[in-house]
Every structure is written in structure tokens, then in C-alpha cells.
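Just so it is clear, none of the values below were taken in a lab; they were calculated from the coordinates. What you see is a predicted model; the values in this text were computed from it and never measured. Methodologically, a virtual Cβ is constructed for each residue, glycine included, from the backbone with ideal geometry; neighbour enumeration extends over all protein chains shown.
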Amino acid sequence: MTTPAVQFTQVSRQFGEVKAVDRVSIDIKDGEFFSMLGPSGSGKTTCLRLIAGFEQPSAGSIRIHGEEAAGLPPYQRDVNTVFQDYALFPHMNVLENVAYGLKVKGVAKAERLKRAEEALGMVALGGYGGRKPVQLSGGQRQRVALARALVNRPRVLLLDEPLGALDLKLREQMQSELKKLQRQLGITFIFVTHDQGEALSMSDRVAVFNKGRIEQVDTPRNLYMKPATPFVAEFVGTSNVLRGDLARQLTGNAQPFSIRPEHIRFASGERAACDLEISGLLHDIQYQGAATRYEIRLDNGQNLCLSQANSQWDAAAVAHQPGQRVTARWAREAMVALNEGA
Amino acid sequence: MELTMNAQAPTAGNGPLRRLSNLLYRKPTLYLSLLLVPPLLWFGAIYLGSLLTLMWQGFYTFDDFTMTVTPDLTWANFAALFTPANFDIIQRTVLMAVAVSIASGVVAFPIAYYMARYTSGKTKAFFYIAVMMPMWASYIVKAYAWTLLLAKGGVAMWFVHHLGLQWLLDLLMDVPGVGGNTLSTSHLGRFLVFVYIWLPFMILPIQASLERLPPSLLQASADLGAHPRQTFAQVILPLSIPGIAAGSIFTFSLTLGDFIVPQLVGPPGYFIGSMVYAQQGAIGNMPMAAAFTLVPIVLIALYLSIVKRLGAFDAL
């Protein structure tokens with residue numbers, strides 16, 4: 001087995017009383033697109049800063065390509081970072097910004113300008129070298145920051161919510177470009193985001209963070225289809241988590257389970273043996289374009305969310321009204337058992 | 001619905017104040033000119049006007065014999081600035097202003113850096129107060145206090161004696177242009193007083209410029225492989241230059257115009273400020289005094305254009 005690009009072993013980082021990162025262990029494989037996903041304050045950015053060297057762990061070991069990194073300052077690590085606010089040097093032009101890493105390492109001027117120019121070409125910004133960062137749009141600054149990191153040919157590239165400030169169309173475009181770039185260069189990308197859609201669509205594997213701990217590390221498909229904990233089920237996509245008496249009543253045991261809204265339908269026709277059913281009061285309908293979302297209030301007060309794709313032939317289908325009593329039905333195999341309090 | 005009705009009731013009145021504020025809201029130009037005309041009148045008539053009148057008097061003729069000023073226009077006063085005696089004064093003042101600015105910058109930078117990057121809350125407030133407190137005391141009192149500190153048998157000499165540095169002081173006092181008979185009558189003594197008095201004017205702008213520096217820039221620099229020394233030279237220093245430039249404009253121009261410190265501390269000999277003071281006061285040669293006031297103005301203009309050409313304001 002090859003050495004992991006980055007390996008966390010029981011890493012903790014405490015700020016006073018607060019445990020930002022709590023006994024985290026991960027192996028990030030060489031050359032993979034790895035995302036760290038979680039709400040703000042979940043410890044994902046701290047983990048990234050631990051790899052970059054802006055923070056030092058309170059306990060545990062961090063290895064970068066097999067070498068112990070704890071204690072090393074950022075400038076002695078073979079990793080580069082794309083910052084959330086881009087952090088371009090305002091007093092240098094674009095080319096000088098990109099060439100900066102080579103300059104401080106003593107690469108000769110002609111060589112470093114050539115490589116910086118190449119890196120700018122790679123992010124489709126050839127010819128922009130003479131401009132100052134303030135003269136660029138947000139998306140262009142983003143690309144400069146990317147070129148500035150990549151020109152150093154790091155083995156690991158860290159991206160700290162780099163797309164957060166861009167508008168939706170640009171963000172989607174950058175997502176596919178980043179993914180393409182990563183495949184082309186074969187560098188390990190470690191991508192921090194709070195946007196689950198972004199994490200799912202770009203990554204080879206995703207680590208879901210919650211309260212300084214990792215809830216699950218898995219491929220996007222497994223994360224969505226087989227969430228391990230209630231937190232993952234609810235944070236990645238939308239999910240109905242049913243637990244306690246309700247779970248017992250439906251499945252016969254108290255283990256909580258998750259069911260995706262799109263796997264539930266309104267009961268019609270004959271009920272198959274493997275189907276489960278529950279009824280409640282329809283209390284809200286949201287038309288969302290591609291799908292319509294129905295909120296059903298169950299008898300114990302919990303909400304159950306049901307989503308139906310809007311296809312053309314549905315137009316004439318039964319129009320549900322809020323206040324109606326409805327029955328929801330789903331197949332047993334669509335349910336995923338969860339481990340409470342992992 | 002009811003709420004909005006209630007909120008509207010008092011505004012429905014159509015008093016003169018309401019009509020005035022509506023008018024000002026509709027005509028922002030009128031609003032702006034009402035705000036700006038009084039201060040601009042003050043600035044134009046009293047400030048620039050008197051300055052230009054003063055400049056104009058520089059062209060008047062002063063009769064050495066009768067000691068009277070006649071409004072006959074002449075270039076003689078400005079030409080007289082270049083006589084050896086007067087040029088000496090200008091040179092002495094400018095050298096001192098340059099030395100004071102450089103020294104203030106060197107002393108102020110670490111303090112400003114510490115204030116900007118390592119203090120917060122109460123410690124930051126403490127530093128602000130510590131930097132500005134000397135400015136609460138009268139400038140003349142401070143200058144006089146320094147004559148006592150630097151005098152023979154004063155605190156400064158006591159320290160020099162007890163630290164066994166008498167030999168070093170003697171050595172310095174023998175250097176022409178730096179030394180003098182005693183510390184309080186030396187150029188060095190005068191320089192120390194100037195640096196002391198103008199230091200806050202250097203610390204605060206530098207501190208402000210460093211405060212604006214996002215921490216992520218320093219992290220980005222380290223991330224790209226720069227050692228702390230390189231980060232300082234390539235990122236911190238260039239981005240703090242607007243602050244250093246602003247501070248040095250203060251220290252430079254304040255030293256150029258000062259007329260108290262040169263009289264109280266240091267060797268005999270005029271500074272530009274004390275020369276203006278002497279010309280218009282004791283001698284009554286207003287035209288020559290006016291010509292001398294032109295010197296700092298021209299020098300500052302030159303200084304600003306040099307600083308601008310060096311790109312100090314590019315990062316603003």
C-alpha cells in the first residue's frame with residue numbers, strides 16, 4: 001500500500017476550553033480529491049490549517065507523505081493553499097503574485113516568469129499578468145490564487161472554501177474546472193466546504209465533520225445512499241430520520257433509520273409486502289421546479305418530507321391540498337439504519 | 001397593517017422642518033453645498049487667502065536702512081535665500097528633518113507592529129494611551145523639560161556616567177555636525193528632543209497601515225515558502241509604506257517648521273522656523289520671513305512628489 005498523502009492520527013486542536021478538532025484520524029490517499037464537509041465551527045477549516053501549518057496540533061500526529069509535520073512551519077511544508085479570501089498581494093501584479101513562491105525559493109527570474117506565465121495559461125488567464133489584483137473580477141482572482149498555488153507544484157493542494165464568494169453559475173463552472181485540473185495534474189486536492197452539493201459533485205471521498213469529530217468518511221454515493229449517522233443523513237441532502245417509538249412501530253425495533261424524501265410516494269393501489277406505510281396530515285406544499293415537496297405532519301407531531309419529480313403526465317394527476325389526510329409509502333430496502341450518537 | 005398606520009400618523013404633518021428636509025432629500029446638490037460652503041469659505045478665505053497674502057509679501061521690499069517695508073515688488077528676498085548664511089540655515093534644517101524622520105521611522109516601526117499584530121482589547125488601549133499621553137502635555141513644557149534632562153548634572157548625564165559610557169559620549173561630542181560642547185548644546189541633543197516629540201505622529205499612521213494588513217496575506221506568504229524575513233521584506237514592509245510615508249510627512253514638516261526646540265536645545269544657529277520668527281518679530285523684515293516660509297512648502301511638495309514617484313501611495 002502506498003503512503004497516504006496526509007495522515008491524521010488521533011489529532012486534537014484545542015483553543016482554550018474549546019475542542020475545535022477532537023481526536024480525528026484520517027488517511028487521505030495520494031492523488032485523490034478529498035473534501036472536508038461540515039457546518040461552520042465543525043473543525044474542517046482547522047484541520048486544513050493544521051495541514052498547512054498555520055495551526056499546530058495540541059495532540060496527535062500529522063504525517064504529510066509519511067513525514068511527521070507537527071512542529072514544521074508552513075514554509076517548510078510541500079503543500080500550498082488557496083485561501084477563502086484569495087489573499088493576493090495587492091502591491092504586486094498578477095504575474096508577480098504567481099511567481100512569488102518561486103521567487104522566495106530562489107528560482108532565477110527568467111525561469112520563474114516563464115513558469116508563472118504557464119500557470120496563468122493553465123487557469124485560462126494568459127495575458128493578464130500585468131494587471132493588479134484589484135482590476136480583476138472575483139472569479140479571475142480565484143484563478144490567480146489557484147495558479148499561484150499550483151506553480152509551486154505542490155504534492156498536496158489545500159482549498160479553503162474557495163468558491164464561497166462566487167455566484168452560482170461561476171461556481172458550477174469552477175467546480176468542473178477544478179475537477180478537470182485535479183485529474184490532469186494528479187495532485188491530491190483537499191477541499192473544505194460547507195456546501196454538500198459541491199462536495200458530492202467534485203470529490204472522490206468526503207469526510208463529514210460535526211463538532212470537531214468525523215462522522216463518516218466515504219464516497220459521495222455511499223454518503224448519500226448509506227449515511228452512517230443521523231447527522232450525516234440530515235446534513236448531506238435532505239432526509240427523514242425516524243427514531244424511537246415511531247421506528248419501533250414501523251420496523252419492530254428502536255434503531256433509528258433514515259429515508260430520503262424522493263424515495264417516499266403517496267400510497268396508491270395495492271400495498272406490496274415489503275412496503276411500509278404511515279399516514280398524516282398534509283400541511284405544506286412547496287413547488288420547486290423540478291420537484292414538488294410535501295410536508296406531512298405525522299400523528300406524533302414529527303414532519304415527514306416527501307418529494308415528487310414533476311413530470312409532464314403528472315400535471316393532471318391528483319392535486320393534493322394542504323389539510324388533507326394522506327398516506328405515505330416506501331419500500332423497506334430504501335431505508336438506511338443509523339447509529340445514534342456515534 | 002395597523003402598525004404602519006400608526007407609524008405614519010406623526011409624519012403626515014407638513015411643518016416647515018418637514019418640508020425643508022424633503023426639499024434637501026430631493027435636491028442632494030443643495031444639501032451638499034449647504035454643508036460644504038461654510039467650511040470651504042473658511043478654508044479658502046482665511047486659510048489659503050492668508051497664505052497667499054503672505055507669499056505675496058515675499059515680493060515686497062524691505063529697506064535695511066529705514067527698517068520699513070514698501071510694496072515695491074522684487075525677487076531680492078527669494079534670491080537672498082541662496083546667500084551662504086541663509087542657505088546654511090535651510091541645509092541645517094533639512095538635514096535635521098531627514099535624520100529625525102528616519103530615526104522616528106526606525107523607532108516607531110517595531111512599536112507600531114507590536115500594537116497592530118499582538119495587542120487587542122485592553123493592551124491595545126493601553127498602548128494607544130501610552131503613545132498619545134505625551135501629546136496631552138504642552139509642547140513647550142516638554143521642550144523645557146528636555147533642556148533640564150540633557151543639562152550638565154541632569155538625568156541623561158547621570159545615566160551616561162553610571163553606565164560608564166562617558167567615553168562614548170565624549171567621542172560623539174567630538175564628531176562635527178553631531179556633537180557640541182555638552183549634550184544639551186549639541187546637535188545630538190536637539191535630534192533626541194525632536195525624535196521624542198514627533199514619535200507619536202510616526203507610530204500612529206504606521207500602526208494604522210499594519211492594522212489593515214489581512215493576516216491571510218502573511219499566511220499566504222509563509223504558505224508559498226517565504227521565511228519570516230522574506231515575508232517582512234516582500235509583504236509587510238511594502239504594504240506599510242503608505243503609513244511610513246504619512247508618518248514621515250508629519251515628522252519632516254513639523255521639524256522643518258519648528259522654532260522652539262532649536263532655540264532651547266542644541267548649538268546656536270537658526271532653523272527655518274526660528275529664522276522666520278526672528279525676521280518678522282525682532283527685525284520686522286516681513287518680506288524675508290515670507291520668503292522663508294516658502295521653503296518648507298516647496299520642500300514638502302518636492303518630498304511628496306518623490307514619495308509618490310517611489311510608489312508609496314500605490315497600495316492605498
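If you run the Gaussian network model on chain A, springs between alpha carbon atoms under 10 Å, then out of A:144, A:208, A:107 the most flexible one is A:107. Across chain A, Cα pairs under 8 Å and at least six residues apart give a relative contact order of 16 percent. In the elastic network of chain A, a GNM with C-alpha springs shorter than 10 Å, the most mobile of A:218, A:85, A:299 is A:299. Could you compute the FRET efficiency for residue B:14 and residue B:41, with r as their C-beta to C-beta distance and R0 at 56 Å, rounded to 0.05? For residue B:14 and residue B:41, the calculated efficiency is 0.95.
For residue B:124, the aspartates and glutamates whose Cα falls under 18 Å of its own Cα, not counting residues fewer than eight places away in the same chain, are B:211.
Please label the shape of segment B:162-316 as rounded, prolate or oblate, based on the square roots a ≥ b ≥ c of the eigenvalues of the alpha-carbon gyration tensor (a/c under 1.5 means rounded; beyond that, a/b larger than b/c means prolate, else oblate). Note, shape of segment B:162-316 comes out oblate. Peptide B:212-222 has a mean shielding of 6, counted as Cβ atoms of other protein chains within 10 Å of each residue's Cβ. Ordering A:69, B:84, A:282 by Cα displacement along the dipole of the protein assembly as shown toward the positive end leaves A:282 in first place; charges were set at the Cβ atoms of Lys, Arg (+1) and Asp, Glu (-1).
Between the C-alpha center of segment B:138-156 and that of segment B:206-261 there is a gap of 31 Å. Compactness of segment A:240-337 was expressed as the Cα radius of gyration divided by 2.2 N^0.38 Å, which yields 1.07. Going from the fewest other Cβ atoms within 10 Å to the most, the residues A:47, A:274 appear in the order A:274, A:47.
Residues of segment A:186-211 with amide nitrogen under 20 Å from the 7 Å Cα-to-Cβ point of residue A:10? Inside the label zone: nothing. Apply the a/c threshold of 1.5 to the C-alpha gyration tensor of segment B:238-297 and tell me whether it is rounded, prolate or oblate. Oblate is the answer for segment B:238-297, as a/c is 1.5 or above yet b/c matches or exceeds a/b.
With R₀ set to 45 Å, the beta-carbon distance separating residue B:178 from residue B:67 gives a calculated FRET efficiency near 0.75. Here the ratio of the Cα radius of gyration of segment B:33-80 to 2.2 N^0.38 Å is 1.67. Distance between the 7 Å Cα→Cβ label points at residue A:234 and residue B:137: 6.4 nm.
Residue B:302 label point, 7 Å along Cα→Cβ, cut-off 13 Å on backbone N: hits in segment B:61-83? What the label zone holds, given the 13 Å backbone N cut-off, is B:82.
Here the dipole of the protein assembly as shown is about 380 debye; that uses its Cα centre as origin and unit charges on the Cβ of Lys and Arg (positive) and Asp and Glu (negative).
Evaluated over the Cα positions of the protein assembly as shown, the convex hull gives a direction-averaged projected area, one quarter of its surface, of 48.9 nm². Listed by chain and number, the aspartates and glutamates whose C-alpha is less than 14 Å from the C-alpha of residue A:29, apart from same-chain residues fewer than 8 away, are A:204, A:218. Structure note, pairs B:122/B:308; A:44/A:180; A:179/A:226; A:44/A:169; A:114/A:180: Cα-Cα distances above 27 angstrom occur for B:122/B:308.
Taking other C-beta atoms within 10 Å as the exposure proxy, B:115, B:55, A:202 rank B:55, A:202, B:115 from fewest upward. Segment A:150-226 and segment B:85-108 have Cα centres separated by 58 Å.
Anyone know which of B:187, B:161, B:227 comes out most mobile in the 10 Å Cα GNM of chain B? The residue that fluctuates most here is B:227. State the answer as a single residue: which of A:54, A:11, A:94 lies farthest towards the positive end of the charge dipole of segment A:1-97, with beta carbon charges of +1 for Lys and Arg and -1 for Asp and Glu, about the Cα centre. Of the candidates, A:11 comes out farthest on the positive side. Judged by the gyration tensor of its Cα atoms, with axes a ≥ b ≥ c, chain B is oblate; a/c meets the 1.5 cut and b/c is at least as large as a/b. Show which aspartates and glutamates lie in cross-link reach of residue A:132 when reach means a straight Cα distance below 17 angstrom and same-chain residues fewer than eight apart are skipped. Those aspartates and glutamates meeting the cut-off are A:85, A:96, A:117, B:314. Estimated from helical segments only, the mean residue ellipticity of chain B at 222 nm is -22500 deg cm²/dmol, where each DSSP H run of four or more residues counts as -39500 (n - 2.57).
Determine the distance separating the Cα centre of segment A:243-276 from the Cα centre of segment A:82-121; give it in Å without decimals. Each part's Cα centre sits 57 Å from the other's.
The fewest-to-most ranking of A:61, B:216 by surrounding Cβ atoms within 10 Å reads A:61, B:216. Taken over segment A:1-94, the ratio of Cα radius of gyration to 2.2 N^0.38 Å equals 1.14.
Once the Cα-Cα distance is subtracted from the 0.36 nm per residue extended length, the residue B:170 to residue B:31 segment shows a gain of 43.5 nm. Estimated at 0.36 nm per residue, the fully extended path between residue B:163 and residue B:87 surpasses their Cα-Cα distance by 23.4 nm.
Among the trypsin sites (Lys or Arg not before Pro) in segment B:85-162, those placed in a DSSP loop whose Cβ has at most 11 other Cβ atoms within 10 Å are B:152.
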